[in-house]
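The structure under discussion appears below in the form of structure tokens.
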Amino acid sequence: MVDIETVAAGGTTGKKLVNEPSDPVLPASSHYKPSSAAGQSAAVSLEKVLTTPAVRKIAKENQVDLTQVRGTGPKGRVLKEDILLYLQNRGRGIPNLPPVSAPVSSPVSAPVSAPASAPTPISAPTPVPVVSGVDQRVPIRGVQRLMVKSMTAALQVQHLTYCEEINFDALKQLRSELKSSMAKRNIKLSYMPLMIKAASLALLQFPQLNATVNSEVTEVVYHANHNIGVAMDTAKGLVVPVLRSVQAKSLAEIAQELQVLQDAALKGTLTEAQLQGGTFTLSNIGSIGGTYAVPVLVVPQVMIGAFGRLQTLPRYVNSRGQPATVEQIEDGEAQVCPATLMNVSWSADHRVVDGATVAKFSNVWKKYLEHPASMLSDLR
Ligand code: CAO
């Protein structure tokens, strides 16, 4: 469900909304004629209106005066979708508009036409959004065009996705301790710098995941520098600027660089250099929402991680506050406590990376975040 790509700066033409003048346009509700007589003269009108026996049956069952239904078929024939639409809107109390004398081939702005195979509606039709206006043709350009390219390339690669739950209780505590001191230095400390640093520390143990593969799939390059791309949501679409040499940077430096890139992304001033050269990517979709996301590789990179939304959920813990084992739960030695949890999903290029390696990497990353003091011993 998640798509992630690197994009080049420049050439990012925004959306241009183009109306299609040739489109016959009617508001959705113009599909109806006045219904003051609805239900009163159904028996009479069934004979007058051009339609099929199936439609007459629906009309009869639902007490509909067919003369009040706008027919969109040839010569004003009332089609099945016309009566289904009429019934849907009648159920929602949509007022009818004056009749339209000429038949309309296709009201393009009416989004609610029921498929021909739809069952006869009963008393409570499914609500459908009422949308009026005109269709819009939007050229795919700029950031979106690049997204098409990178996603098309990514879908050539067999992905492996591995998910894990991370307990953020300790990290939450650490962040709240560091946040104010960082703020005094004008540095915003979100969870991202901690997760980025933990990923870099774990990559030191798994250099085969900080890698790119050539298009012929004959060679993999294990990169010395951890150039970590961070997916960012902007008004023009997804961009993935890159934090350079994360393995050599402090938490404060990572937080500062992230802030610079985030500001530039929001202003649309990222340079091409800031968008290139990534060797590994992270995406915090959870800052927007969602508990899980399956990320798509930024080819030629071989791994990417997506984070879900932090949640407080009940979990069993033992007397030392650690996750309880099955035995401890069965022996009544565990209790249910609230835990701050986040899901991560890792996707890897399964042509060159196996699932066991991803799982081992994820275990190390998880350990750093669940016991953040352990990061200190491995910091340089
Ligand atoms: N769950 C819950 N809250 C989260 C969270 C999560 N996973 N991640 C961040 N938050 C919180 C932060 O802690 C912060 O709250 P406080 O101000 O109280 O600390 C708040 O949300 C805003 O964070 P932020 O978004 O400003 O900063 P960040 O460093 O966490 O994330 C960035 C930066 C750029 C990753 C993020 O803004 C963003 O753009 N995310 C979307 C990425 C995306 O679109 N991915 C999909 C790619 S595929 O199309």
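Summary table
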{"read-out": "Wholly enclosed strands (runs of 3 or more DSSP E) of segment 133-230 bearing at least 1 residues under 24 Å from Ala373 (Cβ atoms) and within 16 Å of the ligand (Cβ to nearest atom)", "value": "159-167"}
{"read-out": "Every residue from segment 231-249 that is at pLDDT 95 or above and either within 11 Å of the ligand (Cβ to nearest atom) or of a type outside the set (D, E, K, R) (or both)", "value": "Ala231, Met232, Val240, Pro241, Val242, Leu243, Ser245, Val246, Gln247, Ala248"}
{"read-out": "One residue from Gln322, Gln301 being of a type in the set (S, T, N, Q), surrounded by 20 or more Cβ atoms within 10 Å (Cβ to Cβ) and out of contact with any Pro (no Cβ under 6 Å at 6 or more places or on another chain)", "value": "Gln301"}
{"read-out": "Flag if Gly308 is within 14 Å of the ligand (Cβ to nearest atom), within 28 Å of Ser377 (Cα to Cα) and within 14 Å of the chain's Cα centre (by Cα)", "value": "yes"}
{"read-out": "Residue satisfying condition, being more than 24 Å from the chain's Cα centre (by Cα), within 30 Å of Thr312 (Cα to Cα) and surrounded by fewer than 17 Cβ atoms within 10 Å (Cβ to Cβ), within set Glu177, Glu164", "value": "Glu177"}
{"read-out": "Answer residue from segment 340-351, given it is crowded, with 19+ Cβ neighbours inside 10 Å, of a type outside the set (Gly, Ala, Ser) and away from the ligand (no atom under 12 Å from the Cβ) and is farthest from Val298 (Cα to Cα) among those", "value": "Trp346"}
{"read-out": "Single residue of Gly268, Gly278 found to be more than 9 Å from the ligand (Cβ to nearest atom), surrounded by 21 or more Cβ atoms within 10 Å (Cβ to Cβ) and touching a residue at least 40 places away in the same chain (Cβ under 8 Å)", "value": "Gly278"}
{"read-out": "Among the residues listed as Thr357, Thr340, the single one being of a type in the set (Ser, Thr, Tyr) and assigned to a helix (DSSP H, G or I)", "value": "Thr357"}
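The values are calculated or read from the model by the stated rules, or taken from the named source; none is laboratory data. Computed from a prediction, not measured in an experiment: that's the story for all the values here. Positions of Cβ are generated from backbone atoms using ideal geometry, with glycine treated the same way; all protein chains shown enter the neighbour counts.
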